[in-house]
Structure formats: structure tokens, C-alpha cells
Amino acid sequence: MLQVTVIVSARKAAGLSQRRFAELARTQQSSVSEYEKRRKSPTLEVVERLLDAADAELAVKRRVDFVYLKDPVLGSFAVPNRLWQVPVPRCFSRVQVFPFMGYADGKEIWDLSDPAERIEYYELVLCRGLDDMMLETVDAALLVEAWRHMHLPDAVRAAWQPLIDEAKGGASREDPPLDPAGINARMAAEIGITWQPGVLVGRGRPVRG
């Protein structure tokens, strides 16, 4: 089964029909259909024009690879080489899992916008889910937030713990605070003071540049 192309994903995310999508991209609907069915290969310039018509853009992200580890109780379970982000609102979706996965009480639907249900679902999918299921629903930041509240078999927790530690420790607590988009430095320059990350400007006299 062929994976959905970025063109299809962008068009559907924008809620556009093929016809309207083609109009916005200044091309033929037949061409869009050929691209989406992989019968024709668009140039990079064409792909960028099509995505622009859907108010989207190309982005590069690191690939996530999985290995399946064996546990005498669980059987095999998937572990990734890195964590990833699931975009809003998908990370807060309602998800349904076929009951063969054996969740207690036969529960099949979880609301990921509810922290308690999200923890239940994450516990299930980390132990019994397939890698594609995880990629679609398990967000790195939400997983790190839920981690200390999750009840997991020792083997699963041990396998995922380095990923959690890496996500939490990517920036040392000793590093200066982040200056989001360089806004603080720009504001300081505009009023003629020297910006010092970590120094609370409101609690002392700023140093003049």
C-alpha cells in the first residue's frame, strides 16, 4: 500500500477539493490527480507551488526508526530511536483501539485531551502498540509530562527511559535561559542597554552599552 503523498496530506488538511486545489495552484486538476496517484513526479518547484496553494510548506524532520524488543511476559514491544512531535489537534484526538489489544474492561476509545485518559492510552500503546500507532498519537512533550505518572512493566520503562532523559536533559539546567527568537536582545538594543541572559533586568540597574 502506497503512503499518502505530501500533496494529498496538504490538500486534505486545507479542506480543498482537487478542483479548487488545482485552481489555487494554477494547474490542471488532472495533473493534481496524477501527482497524488504517483503516476507523475512533480519537480520540487511544482511541489512547493502546490503546497503554497494549501497554505503549507515543506519541512525536513528526522526519521524515527523502531526496534522490537522481547519480553517474556509482554512478548515483543516497539521502542524508537528518538521521540517526535504530534501536531495539534491530532495529539489531543479521540482514538479507538481494536479490543484485541486486551485493555482492561474492554475499553476501546480514549480522549487524548483528558490527561488521565491520555496516560491510560500511552501505557497501552507503549506496551502493545505498533510503531505506526505511536507515530500518529504519542507526542514527545506530552509523554515526558505523563512519564512519572505512568504504570509500565520494568522492561518497557527501562527501554524508553533513555529517550525521556534525553528529551528532558537536552538543555542543561545550568545553561542561560532561552531568549525566544532573540526578542530580549533586540529590545535591550533598542533602549541602549546590554542584554545579559539570566540577569533579571527588573531587579537591578541594567548595564549601559
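Readers should treat all values here as calculations from the given coordinates under stated rules, not as data from a laboratory. Bear in mind the structure is a predicted one, so any value in this text is a computation, not a measurement. FYI the Cβ positions are ideal-geometry reconstructions off the backbone, even for glycines, and counts take in every protein chain you see.
Per-structure values
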item: For the chain, convex hull volume per residue from C-alpha positions, Å³; result: 201 Å³
item: Residues Thr194 and Ala59, FRET efficiency given R0 of 45 Å [Cβ-Cβ distance, rounded to 0.05]; result: 0.80
item: Label-to-label distance, nm, for residues given as Phe66 and Lys37 (7 Å Cα→Cβ offset); result: 3.1 nm
item: Estimated inter-spin distance, Ala158 and Val4, nm [label 7 Å along Cα→Cβ]; result: 3.8 nm
